[in-house]
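In what follows, a single structure is set out as structure tokens and then discussed.
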């Protein structure tokens, strides 16, 4: 290989081999340290999507009213033991991170486009939009996690599940922003905003039921008054989507 590119000198070959070994060692070091903080197999699960899944999921977020069932599909081993949930590619009800990540990036770009239409674009606006998105996301995650802790709700979902559910609202925000950028009137923009806020609220209400309101067969803790507090908490999560969307759209 070296002779084909004219690298015939022993010193050149030695240098190329040394550089290749250095790159390989550096890559291995980065993988070891990155895997220490991030569970890569779990993260890959949330990006295991297909084109049909993305299309059907977007349709489900925007039109969730007649969808059924909402329960997630369980993945079992050959002996019938539960190994976890099926990936998004195989289950429309499974949360993913592909759509939320792309939706947040698209939202940031739309903020820059809106500023450009107003003649006030500056790269700093993209920076502000990104940090605002991250701040709202962190606030929502911390609030849900602390409320689950104080209400003594069994936390059956992972933190990545909550990140996915919190990020789905950006799909509805994008629809509202696009309608506004196309020059729609105030009444049409308001109607689209209210509809998309209700749709994502209903979507979360049904999708997160398995986290907040486990079935009655799970134990007596699911009955009143504990069950009533959980139900109010779930309704609050759905209602707060409109509040978050209002600030992010504007």
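Read the figures in this text as sums done on the coordinates, not as results from a lab. Remember, it's a predicted structure, so these values are computed and weren't measured experimentally. Please note: Cβ atoms are built from the backbone with ideal geometry, for glycine as well, and neighbour counts cover all protein chains shown.
Assorted remarks:
- From most to least packed by mean Cβ count within 10 Å, the peptides 133-141, 184-192, 167-175 give 167-175, 133-141, 184-192.
- Stretching residue 109 away from residue 42 to a fully extended chain increases their span by 21.3 nm, per 0.36 nm per residue minus the current alpha-carbon distance.
- Projected label distance in nm at residue 231 and residue 56, using a 7 Å step from Cα toward the beta-carbon: 3.1
- Note on residue 191 and residue 90: with the Förster distance fixed at 30 Å, the Cβ-Cβ geometry gives a FRET efficiency of about 0.25.
- Maximal additional length on extending the residue 125-residue 247 stretch stands at 42.4 nm, based on 0.36 nm per residue less the C-alpha distance.
- Computed E for residue 178/residue 149 - FRET, C-beta separation, R0 35 angstrom, nearest 0.05: 0.40
- At R0 = 25 Å, FRET efficiency that the Cβ-Cβ distance of residue 159 and residue 118 yields, to 0.05: 0.10
- Average Cα contact separation per residue, segment 40-249, under 8 Å, 6 or more apart, as relative contact order %: 22
- Radius, Kirkwood style, for segment 40-249 when every pair of distinct Cα atoms is counted (Å): 18.4
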